[in-house]
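K.L.:
Sharing a structure here in structure tokens format.
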Amino acid sequence: MDIAEVELIGLSLDGIPINGDPTSAISGPMMGGPAGNTKEINFPALDPCSEYHDPAGYYYWHFVPQVINQVLQAIDITVISCTSIEQTTSIQLIGFAKDGFPIYD
């Protein structure tokens, strides 16, 4: 099954929406920047824990924040890390997909 960018894929146990991949700066939609420049591609400014507030004020995750440091290290990103959410190395239930299946980190 293909998951579209920013498509809702489930909810965390805390009720936080979990969305698909964030919009790409390379292939994202032309949304116009602050000056209305239609050649500018906007994409979410995710914090180091993969959390995001969109322009309408909605808050959601694009990645599982409890393991984001493992993801960052795996792709050799060491200049940032998630410090506001406790990281885990064990498998835990973090939510449910919109089809009812559990989501584990």
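The values are calculated or read from the model by the stated rules, or taken from the named source; none is laboratory data. The structure presented is a predicted model; accordingly, all values stated were derived computationally and were not measured. For neighbour counting, all protein chains shown are included, and Cβ atoms are generated from backbone atoms with ideal geometry for every residue, glycine included.
K.L.:
Any residue in region 12-29 that's β-branched (V, I, T): show its pairings with residues that are loosely packed, with under 11 Cβ neighbours inside 10 Å and modelled with pLDDT of 55 or more at Cβ separation under 8 Å, as long as the two are six or more apart or on different chains.
P.N.:
Pairs that qualify, where the first residue is β-branched (V, I, T) and the partner is loosely packed, with under 11 Cβ neighbours inside 10 Å and modelled with pLDDT of 55 or more, are I16/Y59.
K.L.:
Pairs, please: C-beta under 9 Å, at least 6 apart or cross-chain, first residue within 21 Å of G10 (Cα to Cα) and in region 55-80, second outside any loop (DSSP other than H, G, I, E, B) and at pLDDT below 75?
P.N.:
Partner pairs satisfying both residue conditions: Y58/Y52; Y59/Y52; Y59/H53; Y60/Y52; Y60/H53; W61/Y52; H62/Y52.
K.L.:
Moving on. When you check Y52 against the structure, is it among the aromatic types (F, W, Y), under 12 Å from the mean Cα position of the chain (by Cα), surrounded by fewer than 17 Cβ atoms within 10 Å (Cβ to Cβ) and at pLDDT below 80, yes or no?
P.N.:
Working: among the aromatic types (F, W, Y): yes; under 12 Å from the mean Cα position of the chain (by Cα): yes; surrounded by fewer than 17 Cβ atoms within 10 Å (Cβ to Cβ): no; at pLDDT below 80: yes.
Criteria not met by Y52.
K.L.:
So is F43 among the aromatic types (F, W, Y), at pLDDT below 65 and either in contact with a helix residue (DSSP H, G or I) (Cβ under 8 Å, 6 or more places away or on another chain) or surrounded by 10 or more Cβ atoms within 10 Å (Cβ to Cβ) (or both) or not?
P.N.:
yes
K.L.:
Within region 74-96, can one find any residue that is outside any strand (DSSP E or B), exposed (fewer than 11 other Cβ atoms within 10 Å of the Cβ) and at pLDDT below 70? Working first, answer last.
P.N.:
Restricting attention to region 74-96, the residues satisfying the condition of being outside any strand (DSSP E or B) are 74-92.
Now drop any that are not exposed (fewer than 11 other Cβ atoms within 10 Å of the Cβ), which leaves 74-76, 78-79, 83-84, 86, 89-91.
Of the ones still in play, those that are also at pLDDT below 70 are none.
No; the residues of region 74-96 include none that is outside any strand (DSSP E or B), exposed (fewer than 11 other Cβ atoms within 10 Å of the Cβ) and at pLDDT below 70.
K.L.:
May I ask you to list pairs of residues, at least six apart or on different chains, whose Cβ atoms are under 9 Å apart, with the first in region 82-105 being within 13 Å of I18 (Cα to Cα) and among the basic types (K, R) and the second being at pLDDT below 85 and surrounded by 10 or more Cβ atoms within 10 Å (Cβ to Cβ)?
P.N.:
Final answer for the pair search is K98/L8; K98/I9.
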